[in-house]
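These notes concern the structure reproduced below.
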Amino acid sequence: MSYVDEVFQMVVEKNPAQPEFHQAVKEVLESLRVVIEANEDAYRKDALLERLVTPERQLLFRVPWVDDKGQVQVNNAFRVQFNSAIGPYKGGLRLHPSVNLGIIKFLGFEQIFKNSLTGLPIGGGKGGSDFDPKGKSDREVMAFCQSFMTELNKYIGADTDVPAGDIGTGAREIGYMYGQYKRIKGVYEGVLTGKGLSYGGSLARTEATGYGLLYLTEEMLKCNGHDLSGKTVVISGSGNVAIYATQKAQQLGAKVVTVSDSTGWVYDPEGIDVALLKEVKEVKRARLTEYAAARPSAEYHEGRGVWSIKCDVALPCATQNELLLDDAKALVANGCIAVAEGANMPTTIDATEYLQANGVLFAPGKAANAGGVATSALEMSQNSERLSWTFEEVDSKLKGIMVNIFHSMDDAAKKYNMEGNYVAGANIAGFLKVADAMTAQGIV
Ligand code: NDP
Ligand code: 2IT
C-alpha cells in the first residue's frame, strides 16, 4: 500500500466518528500524492505524514456557567494545537452547537496549510465549544466567555497560541475573553486577534476574510481572462465573511443577489443592500426574514437554495459541506465560471471534483479565505511593535498577500503538471514549507 493510503487508513482507524476530519485529511493527502511519492523513503523514515495528521496537543475541558434563571449550564470546549513548525498556533474559536472534537480537528488541520500559504510565521490550531450564543443575553454570553477563558488561559499566550474569531465568535465574544485573560494573567498582550480597535485590534481585520476572498477571486478571474466587474455573484451565509464579501464584490463592480442563514435564504435581484444586511445581522442579530420584510425587491425562501440561482461566480461563506454534488450540477448547468470558498470546506469532495471536471475555476478555502488569519498575523505584528497601522496600509498588505497566495497555488499546480488545479496547488504549496520546517527541526 502506498504511504499516503497507509496514513489515511491510520487516520480513519485512530479517529473514529470524525467524518469531517477524515474528509479534510483525504483531500490534502490525495493532492500531495505526487510530492510524497517523490520523497517517499525520507518522509516515511521520519514518519512525517503521521506527525502531520496527529495534533501536537488536544485540550478538552468543561465550561460551567450560570444562565439568567440561575441554572448552571455545562458546555464542552476544545483547543487543538495542531502544528507549530512555522510559528505559534493560530486559528479561531468556533461557538456553535454542532462543535465536537472532529470538527475542531478538521478546522485545525486546514489551518496548518492555510497559515503556511499566507507566507507569515503562524502555525495551525483551532478551538471552540458547543455553546450557542444565539438567543443568549449579553450577560450569559459574558458568563460563558469568562468561564471558557478561565481554563483556556493556561494554554495560550502571545508567543505560544493566539486564538481569534470564527462562527459565533465575533467582536463581543473576543472582548469578554480578552478582559478575562488580562484579569487572570495580569498582562496586556496580543493573545487574541480580532480585538476591538480601542484595545489593540487592527483596522481591516473585521473586513479581512471577505475582502481577501474577493481579492483572490479577482486575481483568479483576471489570470484566466475574465473580469469580476459586471458579474452576477451568489453568496451563502450572512455572517462576518458573507457580509464583507458582499461589500467588496459590489465595490469591484459585481452584483450579489443572494445571502442565507441557517433557516433560509434571500434572493434580491436588484443586489443585496449591505447597509440593511449589517443592520439586521450585526446590530439586531435577527433573521433574514427581517431583511426581506424591509426590502421590496427581495424574496425570502425557507431552507437552502442559493446555488439554484443563475450566476457567474459562487462564494460559499457559511459552513462546511453546504455545497453538494447536486448544487455543483446546478451551478454548472447555469453557466457558473468560478467558485471560491469563503467558508472552511464548504464544498464536498464529489462536488469539487464535478466543478473542476466541468471547467469551473475553483479556489479552495485554505487559500481563498486566508485573508482573515493573514490580517490576524498583521494584528500580532502591530501588537508586538505597539503601533497601529492605517486601514489603507493593512488593506494593501492584505491584497498583496491574497495575490501572492493565488500565484503560489497556481505556480505549484503548474510545477507538478496539474495546471489550473488550485486544490492541489494550495495543498502542495502549503505543505512544502511546513514539511521543510518539520524536517529541519528533527523528530519533535
Ligand atoms: P458567523 O458566525 O459570522 O456567520 C456564519 C453564517 O453562516 C451565519 O449566516 C450562519 O447562519 C451561517 N451558518 C452557520 N452554521 C450554519 C449551518 N450549520 N447551516 C447553515 N448556515 C449556517 O461566522 P463567519 O462568517 O465568521 O464564518 C463563516 C465561515 O467562514 C466558517 O466556515 C468559518 O470557519 C469561515 N472563516 C471565517 C473566518 C473569519 O475571519 N471569521 C476566516 C476564515 C474562514 P445563522 O446566523 O442562522 O447561524
Ligand atoms: O478559519 C480561519 O482562518 C479563522 N477563523 C480566522 C483565524 C484567525 O486566527 O484569524
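The values are calculated or read from the model by the stated rules, or taken from the named source; none is laboratory data. Given the structure is predicted, the values throughout are model-derived calculations rather than measurements. Because the Cβ atoms are built from the backbone with ideal geometry, glycine has one as well, and the counts that use them run over all protein chains shown.
Observations on the model:
- Residue selection: Ala204 satisfies the criterion of being farther than 26 Å from Gly420 by Cβ, within 13 Å of ligand 1 (Cβ to nearest atom) and in contact with an Asp or Glu (Cβ under 6 Å, 6 or more places away or on another chain).
Results for (1) of a type in the set (A, V, I, L, M); (2) buried (at least 16 other Cβ atoms within 10 Å of the Cβ); (3) in contact with a helix residue (DSSP H, G or I) (Cβ under 9 Å, 6 or more places away or on another chain), shown as yes or no for each residue.
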| position | (1), (2), (3) |
| --- | --- |
| Val28 | yes, yes, yes |
| Ser31 | no, yes, yes |
| Val35 | yes, yes, yes |
| Asn39 | no, no, yes |
| Lys45 | no, no, no |
| Pro55 | no, yes, yes |
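- Selection within the stretch 4-15: residues that are assigned to a helix (DSSP H, G or I) and within 24 Å of the chain's Cα centre (by Cα). The member of this set that is farthest from Glu50 (Cα to Cα) is Val12.
- Cβ-Cβ contacts under 6 Å between residues 6 or more apart (or on different chains), taken from a first residue in the stretch 116-134 that is within 24 Å of Ala412 (Cβ to Cβ) to a second residue that is basic (Lys, Arg) and in a strand (DSSP E or B), are listed as Ile122/Lys90.
- Output for the stretch 183-220, where each listed residue is part of a loop (DSSP other than H, G, I, E, B) and in contact (Cβ under 8 Å) with a residue 40 or more places away in the chain: Glu189, Gly190, Thr193, Gly194, Lys195, Gly200, Gly201, Ser202, Leu203, Ala204
- Considering (1) in contact with a strand residue (DSSP E or B) (Cβ under 7 Å, 6 or more places away or on another chain); (2) surrounded by fewer than 24 Cβ atoms within 10 Å (Cβ to Cβ); (3) within 21 Å of Arg205 (Cα to Cα), the lone condition that Val360 does not fulfil carries the number (3).
- In this structure, Lys414 does satisfy being of a type in the set (D, E, K, R), out of contact with any strand residue (DSSP E or B) (no Cβ under 6 Å at 6 or more places or on another chain) and over 30 Å from Ser198 (Cα atoms).
Here's the yes/no breakdown for (1) surrounded by fewer than 24 Cβ atoms within 10 Å (Cβ to Cβ); (2) away from ligand 2 (no atom under 16 Å from the Cβ); (3) in a loop (DSSP other than H, G, I, E, B):
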{"residue": "Lys222", "(1), (2), (3)": "yes, yes, no"}
{"residue": "Pro269", "(1), (2), (3)": "yes, yes, yes"}
{"residue": "Leu276", "(1), (2), (3)": "yes, yes, no"}
{"residue": "Lys310", "(1), (2), (3)": "yes, yes, yes"}
{"residue": "Thr319", "(1), (2), (3)": "yes, no, yes"}
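- Test: residue in the stretch 395-415 that is in a helix (DSSP H, G or I), away from ligand 1 (no atom under 14 Å from the Cβ), within 28 Å of Ile156 (Cβ to Cβ) and free of Cβ contacts under 8 Å to residues at least 60 places away in the same chain: yes
- Qualifying residue in the stretch 337-350 (condition: among the acidic types (Asp, Glu), over 16 Å from Val234 (Cα atoms) and touching a Lys or Arg at 6+ places or on another chain (Cβ under 9 Å)): no
- Scanning the stretch 231-260 for residues that are assigned to a helix (DSSP H, G or I), within 16 Å of ligand 2 (Cβ to nearest atom) and not aromatic (Phe, Trp, Tyr) turns up Asn240, Val241, Ala242, Ile243, Ala245.
- Matching residues, the stretch 294-326, being away from ligand 1 (no atom under 13 Å from the Cβ) and among the acidic types (Asp, Glu): Glu299, Asp312, Asp326
- Selection within the stretch 16-52 - closer than 20 Å to Thr348 by Cα and part of a loop (DSSP other than H, G, I, E, B): Pro16, Ala17, Gln18
- Hits in the stretch 384-399 (condition: charged (D, E, K, R) and closer than 17 Å to Ala245 by Cα): Asp395, Lys399
- Residues of the stretch 372-394 satisfying the condition of being hydrophobic (A, V, I, L, M, F, W, C) and either touching a strand residue (DSSP E or B) at 6+ places or on another chain (Cβ under 9 Å) or not in a helix (DSSP H, G or I) (or both): Val373, Ala377, Met380, Leu387, Trp389
- Of all the listed residues (Lys284, Lys222), the sole one being over 23 Å from the mean Cα position of the chain (by Cα), modelled with pLDDT of 95 or more and within 18 Å of Met402 (Cβ to Cβ) is Lys222.
- Residue check for Ala208: surrounded by fewer than 21 Cβ atoms within 10 Å (Cβ to Cβ), more than 21 Å from Ser84 (Cβ to Cβ) and among the hydrophobic types (A, V, I, L, M, F, W, C): no
- On the stretch given as the stretch 225-242, residues that are in contact with a Leu (Cβ under 6 Å, 6 or more places away or on another chain) and either at pLDDT below 95 or surrounded by fewer than 24 Cβ atoms within 10 Å (Cβ to Cβ) (or both) total 1.
- Among the residues of the stretch 133-185, the ones that are β-branched (Val, Ile, Thr) and within 16 Å of ligand 2 (Cβ to nearest atom) come to 6 in all.
- So Thr375, is it under 26 Å from Ala164 (Cβ atoms), within 15 Å of ligand 2 (Cβ to nearest atom) and at pLDDT 95 or above: yes
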